[in-house]
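Q: Sharing a structure below in structure tokens format, with a few things to ask.
The values are calculated or read from the model by the stated rules, or taken from the named source; none is laboratory data. What you see is a predicted model, and the numbers here were worked out from it, not measured in a lab. Every residue, glycine as well, gets a Cβ built from its backbone with ideal geometry; the counts of neighbours run over all protein chains shown. Areas reflect the complete protein model, heavy atoms only, side chains present, ligands, DNA and RNA absent. Shrake-Rupley method; radii C 1.70, N 1.55, O 1.52, S 1.80 Å.
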Amino acid sequence: MYSGGSIHGVGRSLGAMLRIGVLGAARITRAALLKPARSVDGVEVVAIAARDRDRAARAAARHGIPDVADDYAALLADPGVDAVYIPLPNGLHGRWTIAAIEAGKHVLCEKPFTANADEARAVAAVAAGSGVVVMEAHHTSYHPATLRAAELVRTGVLGEVASAEASFIVPMPPSGDIRWNLALAGGSLMDLGCYPIRWLRDVLGVQPQVLSATADDRDGIDASMDARLDYGGVAGRVRAAMWTTPPLLIEASVTGSAGTMHVRMPYQPQTKGRISVDGPGLRLREKADPTASYTYQLEAFRDAVTGSPANRTGPAAAIETMETIDAIYRAAGMGLRTPSEMSTP
């Protein structure tokens with residue numbers, strides 16, 4: 001088991017095991033937390049809460065989570081919980097991240113961090129000086145494939161970089177899915193586009209300026225978004241869509257004076273991800289590490305709590321991402337997402 005010493009929260013020593021509670025019974029929890037927790041030393045999932053306690057109980061029984069809290073507030077008040085994972089709808093991320101910080105819990109919050117950049121700054125202000133770790137769950141930032149792509153750019157293998165683009169296009173029929181719900185801060189840019197935005201920021205090392213954007217606007221929800229950006233002189237493009245042609249496109253590329261890097265499955269590199277570089281006299285083929293990016297993320301979260309500088313997606317990075325998202329919505333002539341006014345979903 002993990003033996004890196006005590007974990008320090010707000011005014012207390014938590015021991016060597018990081019005990020995590022889950023706010024919500026979302027489907028993503030299994031892949032993002034429960035499965036990696038089985039193999040990451042020093043971490044255990046100890047409790048879950050949902051709007052419907054019976055739903056939380058069913059999830060607990062299915063996944064072997066020992067405790068079911070009556071509601072979110074009860075879970076945050078539980079002294080046996082050191083940290084929380086928040087997979088709630090986008091519009092509720094900020095509210096419950098702040099509540100968790102104020103309860104002295106470390107936070108791993110699903111992306112996107114908040115509904116907009118102003119809310120991200122508000123969360124960052126509460127987190128500052130709190131003594132707890134707050135991490136946005138942009139898991140691809142922690143996978144070796146992303147770090148390798150950034151290394152190829154940084155070390156000049158591609159020569160002088162001229163352009164880069166990243167796309168995440170996956171069909172999601174507009175039924176009852178929360179991604180189509182404006183009140184819950186849905187939209188293709190929020191739920192899919194945040195991935196290529198963060199990936200390009202990680203790989204190019206520059207926060208972009210948004211030049212233009214076009215969207216398929218369906219009653220305030222962007223079914224698709226196509227944005228042009230400037231990364232310090234590098235021409236960038238981000239595409240995200242839940243309903244468009246082509247029906248499936250999950251890739252990224254960076255082109256320089258010496259060659260082009262193509263990346264297959266950049267946001268789920270463990271799923272047959274690959275980096276290819278081609279140019280005059282230049283050929284490279286590398287398969288991605290099959291370890292899930294969620295596993296690397298959970299290790300980083302644990303290490304950040306124990307004092308390691310492992311938090312690449314803390315509040316400052318999250319603010320950058322939300323600023324870019326807000327700027328793209330403005331460029332497309334759409335309104336910004338707003339925090340949800342409804343009670344817990």
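Q: If the Cβ limit is 9 Å and pairs must be 6+ apart or interchain, which residue in the stretch 137-162 that is closer than 17 Å to Arg283 by Cα and among the basic types (Lys, Arg) pairs with which residue that is at pLDDT 95 or above and open to solvent by less than 40 Å² (accessible area, probe 1.4 Å)?
A: Here the result reads Arg148/Ile275; Arg148/Ala288, each pair linking the stretch 137-162 to a residue that is at pLDDT 95 or above and open to solvent by less than 40 Å² (accessible area, probe 1.4 Å).
Q: Next question, about the same structure. Out of Ala304, Ala310, I need the residue that is open to solvent by less than 50 Å² (accessible area, probe 1.4 Å), outside any strand (DSSP E or B) and modelled with pLDDT under 95. Which one? If you could, list the steps in order and put the result at the bottom.
A: Values: Ala304 fails: modelled with pLDDT under 95.
None of the other options fit; the residue is Ala310.
Q: Looking at (1) open to solvent by less than 30 Å² (accessible area, probe 1.4 Å); (2) more than 15 Å from Val254 (Cβ to Cβ), which is the only condition Pro171 fails?
A: (1)
Q: A further question follows. Pick out, from the stretch 29-138, the strands (runs of 3 or more DSSP E) lying fully within it that include 3 or more residues that are among the aliphatic types (A, V, I, L, M). First the steps, then the outcome.
A: Details: elements: 43-49, 83-86, 106-110, 134-137.
In the stretch 29-138, the matching strands (runs of 3 or more DSSP E) lie at 43-49, 83-86, 134-137.
Q: Also, I was wondering about something else. Just to be sure, is Asp177 among the acidic types (Asp, Glu) and surrounded by fewer than 15 Cβ atoms within 10 Å (Cβ to Cβ)? Reasoning before the result, please.
A: Values: among the acidic types (Asp, Glu): yes; surrounded by fewer than 15 Cβ atoms within 10 Å (Cβ to Cβ): yes.
Answer is yes for this residue.
Q: Further, regarding this structure: Quick one: which residue in Ala292, Ala317, Ala240 is within 23 Å of Ala125 (Cα to Cα) and not charged (D, E, K, R)? Step through it out loud before you land on a result.
A: Numbers: Ala292 fails: within 23 Å of Ala125 (Cα to Cα); Ala240 fails: within 23 Å of Ala125 (Cα to Cα).
Result: Ala317 is the single residue among Ala292, Ala317, Ala240 that is within 23 Å of Ala125 (Cα to Cα) and not charged (D, E, K, R).
Q: Does Asp52 qualify as being among the acidic types (Asp, Glu) and open to solvent by less than 50 Å² (accessible area, probe 1.4 Å)? Let's see the steps before the verdict.
A: On the way: among the acidic types (Asp, Glu): yes; open to solvent by less than 50 Å² (accessible area, probe 1.4 Å): no.
Spelling it out, it is not the case that Asp52 is among the acidic types (Asp, Glu) and open to solvent by less than 50 Å² (accessible area, probe 1.4 Å).
Q: To continue, here is another question. Report, by residue number, each residue of the stretch 155-168 that is open to solvent by less than 50 Å² (accessible area, probe 1.4 Å) and either hydroxyl-bearing (Ser, Thr, Tyr) or within 28 Å of Thr29 (Cα to Cα) (or both).
A: Ser163, Ala166, Ser167, Phe168
Q: Ok, one more. Please name all residue pairs, on different chains or six or more residues apart, with Cβ atoms under 8 Å, provided the first residue is in the stretch 325-339 and is within 9 Å of Ala213 (Cα to Cα) and modelled with pLDDT of 95 or more and the second residue is among the hydroxyl-bearing types (Ser, Thr, Tyr) and not in a loop (DSSP other than H, G, I, E, B).
A: Listed pairs, sorted by first residue: Ala331/Ser212; Ala332/Thr214.
Q: Quickly run through the stretch 113-130 and pick out the residues that are open to solvent by 50 Å² or more (accessible area, probe 1.4 Å), among the small types (Gly, Ala, Ser) and at pLDDT 95 or above.
A: Ala125, Ala128, listed by residue number.
Q: Within the stretch 219-252, can you find the residues that are assigned to a strand (DSSP E or B), of a type in the set (Gly, Ala, Ser) and either over 12 Å from Leu204 (Cβ atoms) or at pLDDT below 95 (or both)? Lay out the reasoning, then the answer.
A: At the first step, the residues of the stretch 219-252 found to be assigned to a strand (DSSP E or B) are 221-231, 234-241, 249-252.
Filter once more, so that each one left must be of a type in the set (Gly, Ala, Ser): 223-224, 227, 235-236, 240-241, 252.
The answer is Ala223, Ser224, Ala227, Ala240, Ala241.
Q: Out of all the residues in the stretch 56-71, which are surrounded by 14 or more Cβ atoms within 10 Å (Cβ to Cβ) and either under 25 Å from the mean Cα position of the chain (by Cα) or at positive phi (or both)?
A: Of everything in the stretch 56-71, those that are surrounded by 14 or more Cβ atoms within 10 Å (Cβ to Cβ) and either under 25 Å from the mean Cα position of the chain (by Cα) or at positive phi (or both) turn out to be Ala56, Ala59, Ala60, His63, Ile65, Asp71.
Q: Look through Ile28, Ile86 and report the one residue that is surrounded by 15 or more Cβ atoms within 10 Å (Cβ to Cβ) and not charged (D, E, K, R).
A: Numbers: Ile28 fails: surrounded by 15 or more Cβ atoms within 10 Å (Cβ to Cβ).
Within the list Ile28, Ile86, the selection yields Ile86.
Q: Assuming Thr291 fulfils every condition listed in (1) in a loop (DSSP other than H, G, I, E, B); (2) crowded, with 21+ Cβ neighbours inside 10 Å apart from one, which condition is it?
A: Only one criterion is unmet by Thr291, namely (2).
Q: Is it the case, given these coordinates, that Arg95 is at pLDDT below 95 and under 24 Å from the mean Cα position of the chain (by Cα)? Outline the logic, then answer.
A: Details: at pLDDT below 95: no; under 24 Å from the mean Cα position of the chain (by Cα): yes.
When the stated conditions are applied, Arg95 does not pass them.
Q: I would also like to ask the following. Out of all the residues in the stretch 254-287, which are of a type in the set (Gly, Ala, Ser) and open to solvent by 20 Å² or more (accessible area, probe 1.4 Å)?
A: Just the residues of the stretch 254-287 that are of a type in the set (Gly, Ala, Ser), to begin with: 256-259, 273, 276, 279, 281.
Result: Ser257, Ala258, Gly279, Gly281.
Q: For the condition more than 23 Å from Pro87 (Cβ to Cβ) and open to solvent by 20 Å² or more (accessible area, probe 1.4 Å), what is the one hit in Leu182, Leu229, Leu204, Leu152? Step through it out loud before you land on a result.
A: Working: Leu182 fails: more than 23 Å from Pro87 (Cβ to Cβ); Leu229 fails: open to solvent by 20 Å² or more (accessible area, probe 1.4 Å); Leu152 fails: open to solvent by 20 Å² or more (accessible area, probe 1.4 Å).
Of the residues listed, the single one that is more than 23 Å from Pro87 (Cβ to Cβ) and open to solvent by 20 Å² or more (accessible area, probe 1.4 Å) is Leu204.
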